[in-house]
1. Multiply the residue separation of residue 24 and residue 138 by 0.36 nm, subtract the distance between their alpha-carbon atoms, and state the gained length in nm to one decimal.
2. In nm, give the distance between the simple-model label positions of residue 108 and residue 87, each being 7 Å from the Cα along the Cα-to-Cβ direction.
3. Mind checking the full-extension length gain between residue 54 and residue 151? Use 0.36 nm per residue of separation minus the Cα-Cα distance, one decimal, nm.
4. What are the trypsin sites (Lys or Arg not before Pro) within segment 69-101 that DSSP puts in a loop, where the Cβ has at most 10 other Cβ atoms within 10 Å?
Amino acid sequence: MNGSGRSQRSRAVSLIVFALALLIVSAGPVLADPSADAPSEIDQVQAPDAAGLQEGIESFERERAAREDWLASAEAAGQRKASRSAHTGLSASEAQSLLSDAFAEQLRTLEADPARLISDLDIIETLSPYGARISDGKGGSFLVQTPIPIKVERPSGQKEQVDLALQASRND
């Protein structure tokens, strides 16, 4: 029993030493963090009182009313009318240049879309869910493999080409 008591005491001491070491190791980074003393942005932001909230609502209502008044003005109506026909006299190349300049970022995003590749393909034969033989437009063909399925299987078992066309929602 005497040897067993030492063994238990040794385990208890080891467990206490381990727990203290774990506590020191995990508390060290927290205690050493200099941002812990500085107030955060959340601490510095105060919620508005009732008067401040009412003032904010009234300010918003005034701005909204002013915008609605301006939109109903003859100046705004004239600007809308002018903007509708501002680019009607452009040639095709001028219109394309205007479109490319005005929507450069959106066009880059569209070009990077992998689904764009398979939406315009003239598929001759589907070889796998991700591979197909497509027409080159000159009577020949070549193989293409995509990261997007080309054909999907319906619950009925019938396979059909994936339709990537956008559809208008009821909110549009």
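We did not get these values from a lab; they are worked out from the coordinates using the rules stated. What you see is a predicted model; the values in this text were computed from it and never measured. Cβ: placed from backbone, ideal geometry, glycine included. Neighbour counts: every protein chain shown.
1. Working: separation 114, 0.36 × 114 = 41.04 nm, distance 7.43 nm.
Result: 33.6 nm gained on full extension.
2. A separation of 1.9 nm, rounded to one decimal place.
3. Details: separation 97, 0.36 × 97 = 34.92 nm, distance 5.77 nm.
Length gained between residue 54 and residue 151: 29.2 nm.
4. Numbers: sites: 80, 81, 84; in loops: none.
Taking segment 69-101 and a limit of 10 other Cβ atoms within 10 Å, no loop trypsin sites (Lys or Arg not before Pro) are found.
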